[in-house]
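Colleague: Before we start, here is the structure in question, set down as structure tokens.
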Amino acid sequence: MSLSAKGLSTDEIFQVELTVNGERREGAVEARKTLADFLREDLALTGTHLGCEHGVCGACTVLVDGEPARSCLMLAVQARGSAVLTIEGLAQKGELSSLQQSMWDNHSFQCGFCTPGFLMQITALLEQSPNPTEGEVREALSGNICRCTGYQSIVKGVMAAIASSNPKDVS
Amino acid sequence: MSDSKSGVFPVAGRFTGSPVRRSEDPRLLTGRGMYVDDIRLPGMLHAAFVRSPMAHAVVLRVDTKAARSAPGVRAVFDGQEMAQLAKAGGGPLGDMGGEGVESPIFTVLATDRVRMMGDPVALVVADSRYLAEDACELIQVEYQELPAVTSAEQALDPRSTPIFANLGSNVLQGPTTERFGDVEAVFASADRVVTASLTQHRHQNVPMEGRGIVASFDPATGELRVNASTQGVHGVREALAAQLDIPLEKVHVRAGDIGGSFGLKFGVSREEVAVAAASLKLGLPVRWIEDRNENLTVSGQAREESFEVEAAITKDGDILGLKVKMVIDAGAYPGVAPMLVGTIRQMIPGPYRMEALSFTATVAITNKASYVAYRGPWASETWVRERLIDLISAELGRDPMQIRLRNVAVRGEPPLRMVTGPSLAGITAQESLQRAAALIDLDSFRERQELARQEGRYLGVGFGTFIEPAPGPRDPDETPSEEEMEQLRMRLELDGTVTVFTSQMPHGQSHQTTLAQVAADHFGIPFSQVKVVVGDTDMVPMGFGTGGSRSATMAGGATLHAARALRAKVLEVAAQLIDTGPETLNIIGGMVAAEKASTRSITLVEVAAAAAAGDRLPPGIDRELEVNFAFDGGAGGWSGGTHCAVVEVDVETGLVRVERYLVVEDCGEMINPAIVEGQVRGGVAQGIGAVLLERSAYGEDGQFLSGSLMDYLLPTATDVPQIEIEHLETVRLDADVNFRGVGEGGMIVAPPTLGNAIADALAPFGVRITEQHLPPARLLELIGTMDA
């Protein structure tokens, strides 16, 4: 049951200030507004996608202070003061990140809807563990759903990105 | 690569056949795709639906008063109000299927009756989605519950409550019987008859992006502009014009990036019609984006069929003929089930030589979600046939591979046709079976299996083989209808680039890449200089869109021929400009150049400019550097192949581990091998999901039990193994176009492949597998360690 149906006020507005993709942004939101809706509607950052809105599919994954977060389960007010990184922040000055480039080179995706969540999840993984095994990559991606690919091309793209960022491992 | 060797046309293969990187990816990898949920229009309103909490009930009263005065609400429509604005009819494919099938009568929003859980009862339009959903909760609906019809068996009981009053019963079609060959004689001559009851559970598409629409009616011009998530923009346009009763030319439909579909998004749904009707009434843009619970509960479900099969066989394992009785549970509202009867019937012999078939079909209506197309919608024929062959093999104590090879049709040898009629030209089933058996090394697997069993480990191997009409070999005496032709437009732009306009509506299939590859090679221009325009009824030719694995042959072929025709036109103009014969000219890398080095070359920009201006050209020459091409599919052909799974079943937990998954695939000439392999692997993953995880589940009262992704389980990166793919060499049926569709095969044949492997693993327990959904709990029941 929604807040208003319970007779609770939904019109109290909260100020939200945060950093998104390195830029200081602010907005005024209802307490119930999700971070995903804030990013998509208030900041017009529609690269973050909503695939299930109950925290299972991972399409809406963004990084909040470096940690992957399901922006459909997080409220905008919870991100106050945080640094949020979205898919729009991965390419720098029009140059694809090495991960994006590798996913392109390896035909990693098809319809593209799950893509933002995968890229953010993998970005976090590679920050924390620069040299994972294929099994570790699959495990780390097992909370993101892709309905098109069967995952093999995604895993291949990640492994290629890892190999290209560790040139000394290539004999 | 030199073009001169081919004499007339450039040699294909610079781009065609290479894993060219996708032109779609730069936008999709950077968050700059444009899906329907990303559309923002000034003044746009947001829609939400009130839906039935019951599977079957009479609607006594809908009270919308409180909702109408709720914050931010612009309009509320109940079923009666909506009935004034829009006609119902048309399901996901726009038509209640089938000849001689009476159409059920219903409304866009429910008026007197709800027929499935989630049936839309009222529509709220508000300033935000949040406010629209708030207001939905203020709408009071009084229902009088009716007995729910939740299985085909109940539906076929004459005492069941008719779900549609005008039909009088819950039998939509049948039973109808068709016979091919001398069924009685074949059964009389059989050494034995093997029988089986095989079932196919409900699957669903679950694209990562659900349905959605932004409809914007401008009262000043009378034009309705729509952005849709669809597999074909023209179908949306035609359905909206008809159901809203507005002139076709006033409706404009566009689609951007589509987040998957797998058959779901054809035509318009009732919700999409309601949203467009609301925009028409309000004169403002209205958006509806389906949430996941709506998607799972009401967008549609697929493939719930049960089969009674009798197979007439010889003692040596020849399959002489089949008697099949099929019942489809078509759910509540019009869908594609009646249309599929003919396809399932036609395809059930597959690539095998059987001489006779009797096929009886019944389509039942139940209080469940409507039956939609899902990747290989007729696939239960392959499930039934390939599982049956393993059951026959078990009865004869023979290896299933031997039985398959014994019965499979061999290319060039009689019979040249399936018993149901279609030609078997170009078939490579025997080759794919033999290759798969060799790659898996069946003999050494059997040794390993035996040793493992002695250790209490249960390994199994399963094969499945299939053919897929993509689009199927064409009979020379058959002329395709206009709707079956693939229209394509191609033109040379003033900047020297080429634009392709296609009715294909890619939603993951990468046509903006593949069609550009073909156009680039056959026109003679770099890949990067070709733009492929999709998804705009004002710009793209007529056509039903993307589906049925038609695109590679039909759109690939139309592109090939259009590129050649455009090239010929360009050479005619260029020949005038440089005063030589067109036969001496080639287009290479964007330049028109003569074979003789002494003749000067000319850029495509110069040709385009001269054609536009006309003053340097003699009168009578065709200066319009644009072609419209309609392709009939050429000789067509089958896609097909054999899949093989090696599994280990943990008989303590019921968990299945897929140790190896192998695909031997024949889809003719590949335009882009990486894209082909992505289609195959994606289909296999859905097949694995269908067997081990996915099921659209209903309670006895018709309550839908799998309305979240925590209940409807999709395979993840840890569930899907590496999938090895080997491509067979192309059998060329057509002089020019031998690309064949590959979109559906993986999903068609993976379920029986896996089912056969699991059955093989559990053979020591005497387990007989006749159902397709085999999650751990069910396997433990079958093994006997758990009570059913």
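The values are calculated or read from the model by the stated rules, or taken from the named source; none is laboratory data. It should be emphasised that the depicted structure is a prediction, and the values quoted were computed from it without experimental measurement. Note that we place each Cβ from the backbone using ideal geometry, even for glycine, and neighbour counts take in every protein chain shown.
Colleague: Give me the helices (runs of 4 or more DSSP H) completely within the range B:331-413, filtered to those with at least 2 residues that are over 20 Å from the mean Cα position of the chain (by Cα), ordered by residue number. First the steps, then the outcome.
Modeller: On the way: elements: B:337-347, B:380-396, B:400-407.
Passing ranges, in order: B:380-396, B:400-407.
Colleague: Would you point out the residue of the range B:305-338, among those that are among the acidic types (Asp, Glu) and touching a helix residue (DSSP H, G or I) at 6+ places or on another chain (Cβ under 7 Å), that is nearest to residue B:772 (Cα to Cα)? Even if it seems obvious, please write down each step before you answer.
Modeller: First, the residues of the range B:305-338 that are among the acidic types (Asp, Glu): B:305, B:308, B:310, B:316, B:318, B:329.
If we keep only those that are touching a helix residue (DSSP H, G or I) at 6+ places or on another chain (Cβ under 7 Å) too, we end up with B:305, B:318, B:329.
Working: B:305: 11, B:318: 25, B:329: 16 Å.
Filtering first and then ranking leaves B:305.
Colleague: Of the conditions (1) facing chain A (nearest Cβ under 8 Å); (2) in a loop (DSSP other than H, G, I, E, B); (3) within 21 Å of residue B:331 (Cβ to Cβ), residue B:717 satisfies every one except a single condition; which number is it?
Modeller: The number of the failed condition is (3).
Colleague: Let me ask you something else. Here are B:257, B:245: which of them is closer than 19 Å to residue B:109 by Cβ and surrounded by fewer than 24 Cβ atoms within 10 Å (Cβ to Cβ)?
Modeller: Values: B:257 fails: closer than 19 Å to residue B:109 by Cβ.
Just one listed residue meets the conditions, B:245.
Colleague: What number of residues within the range B:258-292 satisfy the criterion of being of a type outside the set (Gly, Ala, Ser), part of a loop (DSSP other than H, G, I, E, B) and either more than 14 Å from chain A (Cβ to nearest Cβ) or touching a Leu at 6+ places or on another chain (Cβ under 7 Å) (or both)? Spell out how you get there, then give the answer.
Modeller: Taking the range B:258-292 and keeping what is of a type outside the set (Gly, Ala, Ser), we get B:258, B:262, B:264-266, B:268, B:270-273, B:275, B:280-282, B:284-292.
Within this subset, residues satisfying the condition of being part of a loop (DSSP other than H, G, I, E, B) are B:258, B:262, B:264-266, B:268, B:284-285, B:290-291.
Those left that are additionally either more than 14 Å from chain A (Cβ to nearest Cβ) or touching a Leu at 6+ places or on another chain (Cβ under 7 Å) (or both): B:266, B:268, B:284-285.
Total meeting the criteria: 4.
Colleague: Within the range B:25-84, work out how many residues are aliphatic (A, V, I, L, M), within 14 Å of chain A (Cβ to nearest Cβ) and part of a loop (DSSP other than H, G, I, E, B). Don't jump to the end; show me each part of the working.
Modeller: Quick first cut of the range B:25-84, residues aliphatic (A, V, I, L, M) only: B:28-29, B:34, B:36, B:39, B:41, B:44-45, B:47-48, B:50, B:54-55, B:57-60, B:62, B:66-67, B:70, B:73, B:75-76, B:82-83.
Still in the list and also within 14 Å of chain A (Cβ to nearest Cβ): B:28-29, B:34, B:36, B:39, B:41, B:44-45, B:48, B:50, B:66-67, B:70, B:73.
In the following step, the residues that additionally are part of a loop (DSSP other than H, G, I, E, B) were identified as B:29, B:34, B:39, B:41, B:44, B:70.
Of the residues in the range B:25-84, 6 are aliphatic (A, V, I, L, M), within 14 Å of chain A (Cβ to nearest Cβ) and part of a loop (DSSP other than H, G, I, E, B).
Colleague: Going by what's in this entry, would residue B:771 be described as of a type outside the set (Ser, Thr, Tyr), at pLDDT 95 or above, touching a Gly at 6+ places or on another chain (Cβ under 9 Å) and surrounded by fewer than 22 Cβ atoms within 10 Å (Cβ to Cβ)? Spell out the reasoning first.
Modeller: Values: of a type outside the set (Ser, Thr, Tyr): yes; at pLDDT 95 or above: yes; touching a Gly at 6+ places or on another chain (Cβ under 9 Å): yes; surrounded by fewer than 22 Cβ atoms within 10 Å (Cβ to Cβ): yes.
It is true that residue B:771 is of a type outside the set (Ser, Thr, Tyr), at pLDDT 95 or above, touching a Gly at 6+ places or on another chain (Cβ under 9 Å) and surrounded by fewer than 22 Cβ atoms within 10 Å (Cβ to Cβ).
Colleague: I've got another one for you. Can you name the residue in the range A:55-73 that is in a loop (DSSP other than H, G, I, E, B), surrounded by fewer than 23 Cβ atoms within 10 Å (Cβ to Cβ) and out of contact with any Leu (no Cβ under 7 Å at 6 or more places or on another chain) and, of all such residues, is nearest to the other protein chains (Cβ to nearest Cβ)?
Modeller: Ranking the qualifying residues of the range A:55-73, first place goes to A:73.
Colleague: Taking the residues in the range B:292-347 that are of a type in the set (D, E, K, R) and closer than 21 Å to residue B:367 by Cα as candidates, determine which candidate is surrounded by the fewest Cβ atoms within 10 Å (Cβ to Cβ). Lay out the reasoning, then the answer.
Modeller: Here is the first cut: in the range B:292-347, the residues of a type in the set (D, E, K, R) are B:292, B:294, B:303-305, B:308, B:310, B:315-316, B:318, B:323, B:325, B:329, B:345.
Cutting the leftovers down to closer than 21 Å to residue B:367 by Cα gives us B:292, B:294, B:303-305, B:329.
Values: B:292: 23, B:294: 20, B:303: 28, B:304: 24, B:305: 29, B:329: 25.
Step by step, filter the range B:292-347, then rank; the result is B:294.
Colleague: Considering B:494, B:488, which residue is touching a helix residue (DSSP H, G or I) at 6+ places or on another chain (Cβ under 6 Å) and surrounded by fewer than 24 Cβ atoms within 10 Å (Cβ to Cβ)?
Modeller: Values: B:488 fails: surrounded by fewer than 24 Cβ atoms within 10 Å (Cβ to Cβ).
Testing whether each residue is touching a helix residue (DSSP H, G or I) at 6+ places or on another chain (Cβ under 6 Å) and surrounded by fewer than 24 Cβ atoms within 10 Å (Cβ to Cβ) leaves just B:494.
Colleague: Say we look at the range B:151-169 and pick out the residues that are more than 30 Å from residue B:64 (Cα to Cα) and in contact with an Asp or Glu (Cβ under 8 Å, 6 or more places away or on another chain); which of these is surrounded by the most Cβ atoms within 10 Å (Cβ to Cβ)?
Modeller: To start, the set of residues in the range B:151-169 that are more than 30 Å from residue B:64 (Cα to Cα) comprises B:151-160, B:167-169.
Next, only the ones that are in contact with an Asp or Glu (Cβ under 8 Å, 6 or more places away or on another chain) stay: B:151-152, B:155, B:167.
On the way: B:151: 21, B:152: 23, B:155: 26, B:167: 16.
By that ranking, first place goes to B:155.
Colleague: Hey, residue B:621 hits all of (1) closer than 28 Å to residue B:347 by Cα; (2) surrounded by fewer than 19 Cβ atoms within 10 Å (Cβ to Cβ); (3) β-branched (Val, Ile, Thr) but one; which does it fall short on?
Modeller: (1)
Colleague: For the range A:95-118, how many residues are more than 7 Å from every other protein chain (Cβ to nearest Cβ) and of a type in the set (A, V, I, L, M, F, W, C)? Explain how you work it out, then say what you get.
Modeller: First pass over the range A:95-118, keeping only residues more than 7 Å from every other protein chain (Cβ to nearest Cβ): A:95, A:97-99, A:101-102, A:106, A:108, A:117-118.
Applying the additional criterion that residues be of a type in the set (A, V, I, L, M, F, W, C) yields A:99, A:118.
Total meeting the criteria: 2.
Colleague: Would you mind finding the one in B:574, B:516, B:565, B:594 that is under 26 Å from residue B:24 (Cβ atoms) and touching a strand residue (DSSP E or B) at 6+ places or on another chain (Cβ under 7 Å)?
Modeller: Numbers: B:574 fails: under 26 Å from residue B:24 (Cβ atoms); B:565 fails: under 26 Å from residue B:24 (Cβ atoms); B:594 fails: under 26 Å from residue B:24 (Cβ atoms).
The conditions single out B:516.
Colleague: For the range B:726-746, what are the residues that are crowded, with 20+ Cβ neighbours inside 10 Å and β-branched (Val, Ile, Thr)?
Modeller: Within the range B:726-746, B:737, B:742 qualify.
Colleague: Need the failing condition index for residue B:616 against (1) surrounded by 13 or more Cβ atoms within 10 Å (Cβ to Cβ); (2) touching a helix residue (DSSP H, G or I) at 6+ places or on another chain (Cβ under 6 Å), just the number.
Modeller: The single condition residue B:616 does not satisfy is (1).
Colleague: Anything in the range B:135-168 that is modelled with pLDDT under 95 and of a type in the set (Gly, Ala, Ser)? List them, or say none.
Modeller: Listed by number, the residues that qualify are B:165, B:168.
Colleague: Restricting attention to the range B:505-550, and to residues there that are closer than 25 Å to residue B:229 by Cα and in a helix (DSSP H, G or I), which single residue is nearest to the other protein chains (Cβ to nearest Cβ)?
Modeller: Top of the filtered list is B:513.
Colleague: Can you name the residue in the range B:221-257 that is of a type in the set (Gly, Ala, Ser), in contact (Cβ under 8 Å) with a residue 40 or more places away in the chain and assigned to a helix (DSSP H, G or I) and is also nearest to the other protein chains (Cβ to nearest Cβ) among such residues? It would help to see each step written out before you state the result.
Modeller: Initial filter on the range B:221-257 (of a type in the set (Gly, Ala, Ser)): B:222, B:228-229, B:232, B:235, B:239, B:241-242, B:255-256.
Next, from what is left, pick out any that are in contact (Cβ under 8 Å) with a residue 40 or more places away in the chain: B:228-229, B:232, B:235, B:239, B:242, B:255-256.
Pick out the ones that are also assigned to a helix (DSSP H, G or I) and you get B:235, B:239, B:242.
On the way: B:235: 19, B:239: 23, B:242: 29 Å.
Selected residue: B:235.
Colleague: Residues B:605, B:647: which one is β-branched (Val, Ile, Thr), surrounded by 19 or more Cβ atoms within 10 Å (Cβ to Cβ) and either modelled with pLDDT of 95 or more or not assigned by TED's automatic domain parsing to the domain that holds residue B:723 (or both)?
Modeller: Values: B:605 fails: surrounded by 19 or more Cβ atoms within 10 Å (Cβ to Cβ).
Going through B:605, B:647 in turn, just one is β-branched (Val, Ile, Thr), surrounded by 19 or more Cβ atoms within 10 Å (Cβ to Cβ) and either modelled with pLDDT of 95 or more or not assigned by TED's automatic domain parsing to the domain that holds residue B:723 (or both): B:647.
Colleague: Suppose we keep only residues that are crowded, with 19+ Cβ neighbours inside 10 Å and of a type in the set (S, T, N, Q) within the range A:122-171. Which one would you say is farthest from the other protein chains (Cβ to nearest Cβ)?
Modeller: Residue satisfying both the conditions and the ranking: A:123.
Colleague: Something else about it: Please go through the range B:220-242 and give me each residue that is among the acidic types (Asp, Glu) and crowded, with 18+ Cβ neighbours inside 10 Å, ordered by number.
Modeller: Taking the range B:220-242 as the starting set, the residues that turn out to be among the acidic types (Asp, Glu) are B:223, B:238.
Once the filter is applied, which keeps residues that are among the acidic types (Asp, Glu) and crowded, with 18+ Cβ neighbours inside 10 Å, the range B:220-242 yields only B:238.
Colleague: Exactly one condition in (1) among the small types (Gly, Ala, Ser); (2) more than 13 Å from chain B (Cβ to nearest Cβ); (3) closer than 25 Å to residue B:129 by Cβ; (4) part of a loop (DSSP other than H, G, I, E, B) is false for residue A:81; which is it?
Modeller: Among (1) among the small types (Gly, Ala, Ser); (2) more than 13 Å from chain B (Cβ to nearest Cβ); (3) closer than 25 Å to residue B:129 by Cβ; (4) part of a loop (DSSP other than H, G, I, E, B), the lone unmet condition for residue A:81 is (3).
Colleague: Please go through (1) buried (at least 20 other Cβ atoms within 10 Å of the Cβ); (2) under 23 Å from residue B:262 (Cα atoms) for residue B:779 and return the number of the only condition it doesn't satisfy.
Modeller: Among (1) buried (at least 20 other Cβ atoms within 10 Å of the Cβ); (2) under 23 Å from residue B:262 (Cα atoms), the lone unmet condition for residue B:779 is (2).
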